[in-house]
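Accompanying notes for the structure given below.
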Amino acid sequence: MTARAERLPEPSNPLGIDGIEFVEYATSQAQAFGAVLQKMGFAPVARHRSREVTLYRQGSMNLIVNSDSPSGKNEPDKTPTLAAIALRVRDAGQAFQHSLDLGAWEMPTRAAAMELHIPGIHGVGDSLIYFVDRYRDFAIYDVDFVFDSNAKPDPPALAGLHWFGLVQAILPDRTADWLDFYRTLFGFQVLPRGKYFGVLPKGTLLESPCRKFYLQLIEPPAGAEEVRWNEGLVRVGLGAPDVPKAVKALQQRGVVFVDHGAVQPSDKGALTQVYLGGATFELVVSHL
Amino acid sequence: MDTITLAGPLEAKLKAVREAGFTQIMLNATDIVGHPGGEAAAVAAVRSSGLRVTGFQVLRDFEGLSGTLHAYKVDVAKGMLEMCHALGSTVLLACSTVSPHSTHDFSLIKKDLQKLAMLAVPLNIRIAYEALSWGRHVNLFPQSWEIVAEADRANLGLCLDSFHILAHGTELEPLEDIDAHKIFLVQLSDFLWQETRSAEERIETARHSRVFPGEGVHSDKVAAIVRQLDETGYRGDYSFEVFNDDYRQLPLPMVAERARRSVKWITGVVSRRSLPARRATAAGGAG
């Protein structure tokens, strides 16, 4: 794996991936989670025209909270779960077709947060991967959302926070399967073993072909046979140029960080406490 | 054991297999969709049986098609994968195509198997590709291995079926070249005559007249296959792939007892450390 990654210094980027357009959480506790997000520096800027969906923003980051119950489906879990990631791509239709040709599953209709048709495929667990190509002159939010006239549409980032990546839990011995998935569909590359960022150096780290974000794949740790471990996206990583400064700014807003053991805040990174039964945020010192 | 050997409803098969001392079951899609209580009832019966599902079969004629035929087969594959997942099975058996509409171009066959493997990734399913001895383009296990090795996907491997190896009189030497970790399933059976001279004869024998290992006339070769696999480091599951019209009209406990005797026969002739029946606690086992 490592050797192959090293032989290909220039990543191939078949879909023209250009970073993360938005991250979507699903929860039935939209207000409580919104309060957590505001502590984390996100501001609610717009509401969906017809659904229980809110757009939060902070600097370059868009974050959608979906508490809509699609007809015939149960309402989302209380615990906020990472339901989708939207990738910026050169051509969304082409990215979608390319993925289907290679064996991706088309996402179920009406599962999406948006009325606007955004093509997407199944990701890990129940999560989805969307493809968005309108992010330069025209934003997808302009169609579906009503912006709050009292709020700034583009609130600045706290301490330079930006998307750094996502952490994905996987079942034992599944790393190779998921590497095939991300490499083949999107052109992700494995970073050499031992190259990690942040305070949770484990699993396998993948770099996006645009080199703008990372994915970390984590199998259950040894001795965790008794722990219920499902596959899914488990947390986002927020990049910060100066982690201690960001930690301090967030603490002043009431964010609590894990402050003992190996994950206590350092120059490298920090991990927040678990909110609402499952949501946690990781800070990572970032060059991005 | 494999449900295809036994007559009767799914619950009766599960019971007979469990009572004969087996811990695993190989399931066929018809067990599930043909269940009078519907798919969900079949899944519940399997899940409550306490038997581990060795694998789910069978996806046919998937590879080498194009256009509408290919799209149709992708839909079929998705349906099979979803059932496989619902049953808690992590192996889907895919047999080499017999379709006259399929291409013999190995690079396209490889591409289709890569696509099938990709479809299986989110569902935590491994694809076991088997060379049917009457397959149109792929009918020998060294061919299926060549394609699987070139496709180079973590969840794409081989199913080896002793019947097809025996029926074709394939040399066992190439087994040594196969990476044991890429064998996802081994199916064992024998038959009662020395040769199958044509594809038609192989099909007829395979579908109606297989017997359990130890009951047929190629016992030495069956034993040699198991020994060889053991030596190359194979530690996965074995299943009895025994299609037999007589067994499907005999009482289930009687047939299951013959299967149990077959396990004893295998452990007797290949009586070494790592046989599946003696590794009850290891990952593998006899189904």
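A short reminder: the numbers here are calculations on the coordinates, not readings from a lab. Values in this document were obtained by computation on a predicted structure and should not be read as measured data. Cβ coordinates were reconstructed from backbone atoms using ideal geometry, including for glycine residues, and neighbour counts include every protein chain displayed.
Residues with amide H under 5 Å of A:V234's amide H, sequence separation 5 or more or different chain, H placed in the peptide plane at 1.01 Å from N; which?
Under 5 Å from the amide H of A:V234 lie the amide H atoms of A:V167, A:Q168, A:A169, each far enough along the sequence or on another chain.
Kindly rank B:244-255, B:116-127 from highest to lowest mean number of other beta carbons found within 10 Å of each residue.
Descending packing order for the listed peptides: B:116-127, B:244-255.
Lysines within cross-link reach of B:K73: Cα-Cα under 20 Å, excluding same-chain residues under 8 positions apart?
Hits, sequence-local ones excluded: B:K110, B:K111, B:K115.
Students often get this wrong, so check it: of B:K15/B:K182; A:K39/A:K78; B:K78/B:K264; A:K202/A:K248; B:K15/B:K264, which have C-alpha atoms separated by over 29 Å?
Details: B:K15/B:K182 32 Å; A:K39/A:K78 19 Å; B:K78/B:K264 38 Å; A:K202/A:K248 26 Å; B:K15/B:K264 20 Å.
Checking Cα-Cα distances, B:K15/B:K182; B:K78/B:K264 exceed 29 Å.
Classify chain B from the C-alpha gyration tensor, please: rounded if a/c falls under 1.5, else prolate or oblate depending on whether a/b exceeds b/c. Let's see the in-between values first.
Values: a/c = 1.42, a/b = 1.13, b/c = 1.25.
Note, shape of chain B comes out rounded.
Using only atoms on other chains, find how many Cβ atoms lie within 10 Å of each Cβ of peptide A:102-108 and report the average.
Details: counts 5, 15, 5, 8, 1, 0, 0.
Mean shielding by partner chains, rounded to a whole number: 5.
Using +1 on the beta carbon of Lys and Arg, -1 on that of Asp and Glu, and nothing else charged, what's the dipole of chain B about the Cα centre, debye to 20? Don't skip to the end; give the middle numbers.
On the way: 31 positive and 35 negative charges, 191 e Å.
It works out to roughly 920 debye.
Taking a ≥ b ≥ c as the square roots of the Cα gyration tensor eigenvalues, with a/c under 1.5 meaning rounded and otherwise prolate when a/b beats b/c, else oblate, which class fits the range A:159-285?
oblate
For chain A, rounded, prolate or oblate, judged on the Cα gyration tensor with a ≥ b ≥ c (square roots of eigenvalues), a/c < 1.5 rounded, else prolate if a/b > b/c?
On the way: a/c = 1.36, a/b = 1.06, b/c = 1.28.
Judged from the Cα gyration tensor, chain A comes out rounded (a/c under 1.5).
Using Cα-Cα distances under 8 Å and only pairs 6 or more residues apart, what relative contact order does chain B have, in percent? Present the calculation step by step, with values, prior to reporting the outcome.
Values: 551 pairs, mean separation 54.4, N = 287.
Computed value for chain B: 19 percent relative contact order.
How large is ³J(HN,Hα), in whole Hz, for each residue of the range B:2-15 in order, when computed from phi with the Karplus curve 6.51 cos²θ - 1.76 cosθ + 1.60 and θ = phi - 60°, using x for Gly and Pro?
Computed from phi, the couplings for the range B:2-15 are 10, 4, 5, 6, 10, 8, x, x, 3, 4, 5, 5, 4, 5 Hz.
How big is the shadow of the Cα convex hull of the protein assembly as shown, averaged over all directions, in nm²?
Details: hull surface 111.1 nm².
Reported value for the Cα convex hull: 27.8 nm².
Starting with the highest mean, order B:173-182, B:227-236 by the number of other Cβ atoms within 10 Å, averaged over the residues of each peptide.
Numbers: B:173-182: 14.6, B:227-236: 16.6.
In decreasing order of mean packing, B:173-182, B:227-236 become B:227-236, B:173-182.
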